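Chemist: Handing you this structure, nothing more for now.
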């Protein structure tokens with residue numbers, strides 16, 4: 001019975017079904033599940049399965065978005081109950097995201113933020129057209145482990161370098177990992193401007209951030 | 001006959017335009033500057049919280065005042081590009097950050113010297129009717145990046161230029177540079193040498209930068225090319241038809257701002273729409289659906305009688321390889337058949353992130369083939385075949401006929417050395433070199449054939465003077481891409 005319920009939770013994420021996920025989350029609480037168990041044993045394995053299927057080319061970005069929505073719907077039910085019981089979902093890491101100054105494109109960045117949130121990260125999305133000093137101020141304010149700088153245009157891509165330089169000037173470079181992404185961005189560009197990582201797509205950005213957290217972001 | 005390609009029928013174009021007009025009213029269009037918003041308001045649109053709701057009659061009136069055709073001119077004052085009708089021209093793709101190093105086959109950040117080489121190659125290739133500001137020069141401060149690359153194009157080319165500004169402040173400096181090139185504002189307006197790409201942000205948003213530039217260009221009488229680029233499934237509807245509607249709405253709203261600022265100013269129904277790759281989140285420019293979108297959007301513009309532009313001949317491959325050849329060839333041929341006036345994108349790889357001069361040379365071959373295709377099958381002889389058969393009978397020695405000698409140059413296109421049509425000598429096994437290696441050699445030949453340009457009067461001094469102040473302010477002590485001895489020689493002759 002319990003396994004069946006957990007499998008249904010997982011399936012609701014893989015199927016990208018927010019309404020079902022919310023109902024199953026409520027059912028789990030009614031049936032006496034610990035909220036953290038429903039999260040970690042039911043819904044989170046769903047996100048892992050989604051990641052695997054994306055890598056196998058059987059799921060695509062719209063499917064991932066729907067899965068992240070389903071995860072959000074489940075968490076909206078489970079998190080208040082978790083807090084009520086004095087608990088909290090462990091924070092996988094704190095991430096500040098934004099699109100460079102002069103660039104108002106945000107779809108890739110928003111997708112990364114949605115997926116990171118679904119995987120348990122605390123995401124502070126600064127939006128688009130973000131100046132370097134705003135990145136720096138928010139790294140300080142949130143104690144970010146990772147900052148993600150997005151750019152869609154070749155002309156605004158150079159802004160990623162400016163943000164890294166501003167972080168260095170503020171003396172924060174050793175305590176925050178920098179990742180870059182966006183359609184024109186490449187691994188080589190990331191290396192050239194001194195970023196710590198580059199995600200080719202939203203799914204690999206999640207793996208990248210997990211890897212950086214695993215390395216210990218404050219090691220520098 | 002000229003072979004033509006259409007991907008939309010008349011009834012679908014009507015539906016597209018009707019829905020586009022409907023979008024202009026609801027949800028309307030975001031407009032980033034008060035000036036553009038007030039222009040729309042004065043023309044009959046309703047403003048609400050930075051959103052203009054544009055009635056169909058306002059949009060149709062603007063569409064009516066757009067010139068149906070105009071020309072871009074070379075430095076000698078000759079009409080070199082005809083925007084209008086079914087004429088097709090090509091220019092290299094623009095604004096790449098990287099260039100493919102032909103030795104390492106890896107991309108590296110482009111420098112001024114790369115842009116100079118690219119300009120020189122495009123200058124001597126007749127397939128490119130216009131130049132573009134093809135790469136971002138990473139050795140130039142970004143605040144004058146757009147101005148400086150236009151300067152380099154004007155310095156090394158007589159051809160017209162497809163360009164664009166990165167900011168509101170540099171647009172005026174770029175116009176000043178063109179005025180210096182033409183010898184005055186009226187001369188530039190009379191015979192425009194450049195066209196500026198201006199891009200709305202999908203969906204349905206003319207940002208402050210784009211709206212401002214539209215108004216400035218319209219009032220200066222300098223042609224503008226509207227580059228709407230919905231990404232089907234991400235920043236536009238997933239259906240191709242839906243994104244074509246969005247493209248039409250964005251373009252018509254831009255035309256409305258532009259024509260209200262200066263009725264009759266030249267403007268082009270351009271675009272760079274693409275599908276959104278549902279795996280990588282990228283913008284596959286070589287995808288057949290992207291080609292379909294680009295051709296369909298241009299067809300909507302042509303149905304309104306407007307000059308057109310689009311982005312084709314680019315590839316998603318990282319090398320100038322078989323994939324690049326396949327993607328670029330398909331889109332070059334289809335775009336030419338569709339009669340799109342200006343097709344940008346040649347030379348580009350990696351979804352517009354990287355330029356390759358070798359690919360530019362390879363693309364020139366397919367462009368020449370496409371142009372030969374639309375020249376069509378002619379009938380230059382009185383009888384199609386019988387009079388020639390009357391002369392040669394069943395002997396069949398057509399090679400000796402005077403008609404053969406008179407007409408073969410018009411009947412056949414002769415490719416450059418990049419295309420291998422040699423017959424393999426019997427017994428010879430290995431083929432020496434592929435198309436890319438032949439393109440590398442051809443680049444060297446073309447660069448060697450580029451000769452220093454003759455400039456009228458004090459044009460070069462004016463160009464140098466115009467850019468030097470901005471360069472100095474940006475901290476440049478030399479002009480990258482211009483040999484110092486050339487400047488010294490010029491200063492010396494000016495002093496004389």
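The values are calculated or read from the model by the stated rules, or taken from the named source; none is laboratory data. All of these numbers come straight from a predicted model, not from anything done at the bench. For neighbour counting, all protein chains shown are included, and Cβ atoms are generated from backbone atoms with ideal geometry for every residue, glycine included.
Chemist: Test residue B:248 against the criterion of being crowded, with 24+ Cβ neighbours inside 10 Å and within 14 Å of chain A (Cβ to nearest Cβ), and give yes or no.
Modeler: no
Chemist: Something else: For the stretch A:144-220, give me every one of the helices (runs of 4 or more DSSP H) that falls completely inside it and has 2 or more residues that are under 14 Å from the mean Cα position of the chain (by Cα).
Modeler: The qualifying helices (runs of 4 or more DSSP H) are A:202-215.
Chemist: Continuing with the same structure: Residue B:169 versus (1) assigned to a helix (DSSP H, G or I); (2) within 14 Å of chain A (Cβ to nearest Cβ); (3) buried (at least 21 other Cβ atoms within 10 Å of the Cβ): which is the lone unmet condition?
Modeler: Result: residue B:169 fails condition (3) only.
Chemist: Considering each of A:125, A:196, A:133 in turn, give the residue that is out of contact with any strand residue (DSSP E or B) (no Cβ under 8 Å at 6 or more places or on another chain) and on the phi < 0 side of the Ramachandran plot.
Modeler: Of A:125, A:196, A:133, the one residue that is out of contact with any strand residue (DSSP E or B) (no Cβ under 8 Å at 6 or more places or on another chain) and on the phi < 0 side of the Ramachandran plot is A:133.
Chemist: When you go through A:22, A:70, A:49 one by one, which is the residue that is surrounded by fewer than 17 Cβ atoms within 10 Å (Cβ to Cβ), in contact with a helix residue (DSSP H, G or I) (Cβ under 7 Å, 6 or more places away or on another chain), within 25 Å of residue A:113 (Cβ to Cβ) and more than 14 Å from chain B (Cβ to nearest Cβ)?
Modeler: Going through A:22, A:70, A:49 in turn, just one is surrounded by fewer than 17 Cβ atoms within 10 Å (Cβ to Cβ), in contact with a helix residue (DSSP H, G or I) (Cβ under 7 Å, 6 or more places away or on another chain), within 25 Å of residue A:113 (Cβ to Cβ) and more than 14 Å from chain B (Cβ to nearest Cβ): A:49.
Chemist: Something else about it: Please list, ordered by first then second residue, the pairs with beta carbon atoms under 7 Å, 6 or more apart or interchain, first in the stretch B:456-472 and over 19 Å from residue B:137 (Cβ atoms), second surrounded by 14 or more Cβ atoms within 10 Å (Cβ to Cβ).
Modeler: Once the first residue is over 19 Å from residue B:137 (Cβ atoms) and sits in the stretch B:456-472, its partners that are surrounded by 14 or more Cβ atoms within 10 Å (Cβ to Cβ) give B:459/B:181; B:460/B:490; B:461/B:490; B:462/B:180.
Chemist: Filter the stretch B:104-128 for residues that are part of a loop (DSSP other than H, G, I, E, B), free of Cβ contacts under 8 Å to residues at least 60 places away in the same chain and in contact with a helix residue (DSSP H, G or I) (Cβ under 9 Å, 6 or more places away or on another chain) and give the result.
Modeler: First, the residues of the stretch B:104-128 that are part of a loop (DSSP other than H, G, I, E, B): B:104-106, B:110-111, B:125-128.
Now drop any that are not free of Cβ contacts under 8 Å to residues at least 60 places away in the same chain, which leaves B:104, B:106, B:126.
Passing the criteria: B:106, B:126.
Chemist: Give the residue that is surrounded by the fewest Cβ atoms within 10 Å (Cβ to Cβ), with candidates limited to residues of the stretch B:287-316 that are assigned to a loop (DSSP other than H, G, I, E, B) and without any contact (Cβ under 8 Å) to a residue 60 or more places away in the chain. Spell out the reasoning first.
Modeler: Start the filter on the stretch B:287-316 by keeping residues that are assigned to a loop (DSSP other than H, G, I, E, B), which leaves B:287, B:304-307, B:312-316.
So of that shortlist, the ones also without any contact (Cβ under 8 Å) to a residue 60 or more places away in the chain come out as B:287, B:312, B:315-316.
Values: B:287: 19, B:312: 29, B:315: 30, B:316: 22.
Taking the candidates together, the pick is B:287.
Chemist: Looking at the stretch B:336-362, which of the residues that are part of a helix (DSSP H, G or I), modelled with pLDDT under 95 and in contact with a strand residue (DSSP E or B) (Cβ under 8 Å, 6 or more places away or on another chain) is surrounded by the fewest Cβ atoms within 10 Å (Cβ to Cβ)?
Modeler: B:350
Chemist: Return the total of residues in the stretch B:16-36 being within 20 Å of residue B:63 (Cβ to Cβ) and surrounded by 15 or more Cβ atoms within 10 Å (Cβ to Cβ).
Modeler: Qualifying residue count for the region: 12.
Chemist: Let me ask another. Just checking, how many residues over the stretch A:131-168 are out of contact with any helix residue (DSSP H, G or I) (no Cβ under 7 Å at 6 or more places or on another chain) and touching a residue at least 60 places away in the same chain (Cβ under 8 Å)?
Modeler: Going through the stretch A:131-168 one residue at a time, the tally reaches 1.
Chemist: Check whether at least one residue in the stretch B:175-189 is surrounded by 24 or more Cβ atoms within 10 Å (Cβ to Cβ) and outside any helix (DSSP H, G or I), and report yes or no.
Modeler: no
Chemist: Being away from chain A (no Cβ under 12 Å) and surrounded by fewer than 23 Cβ atoms within 10 Å (Cβ to Cβ) is the filter here; which residues of the stretch B:266-285 pass it?
Modeler: Residues satisfying the conditions do not exist here.
Chemist: From the list B:192, B:203, pick out the single residue that is within 14 Å of chain A (Cβ to nearest Cβ) and outside any helix (DSSP H, G or I).
Modeler: B:203
Chemist: Another question, then. Pick out the one residue from B:288, B:257, B:244 that is touching a strand residue (DSSP E or B) at 6+ places or on another chain (Cβ under 8 Å) and either more than 23 Å from residue B:302 (Cβ to Cβ) or assigned by TED's automatic domain parsing to the domain that holds residue B:96 (or both).
Modeler: B:257
Chemist: Right, residue A:131: closer than 22 Å to residue B:141 by Cβ and away from chain B (no Cβ under 14 Å) or not?
Modeler: Yes, satisfied.
Chemist: Can you give me the number of residues within the stretch B:129-149 that are within 14 Å of another protein chain (Cβ to nearest Cβ) and either closer than 17 Å to residue B:455 by Cα or in a loop (DSSP other than H, G, I, E, B) (or both)?
Modeler: Residues that pass the stated criteria total 8.
Chemist: Can you pull out the residues in the stretch A:97-122 that are more than 10 Å from every other protein chain (Cβ to nearest Cβ) and over 13 Å from the mean Cα position of the chain (by Cα)?
Modeler: A:99, A:100, A:101
Chemist: Residue by residue through the stretch B:446-470, note down the ones that are exposed (fewer than 14 other Cβ atoms within 10 Å of the Cβ) and in a helix (DSSP H, G or I).
Modeler: Scanning the stretch B:446-470 gives B:448, B:449, B:465, B:469.
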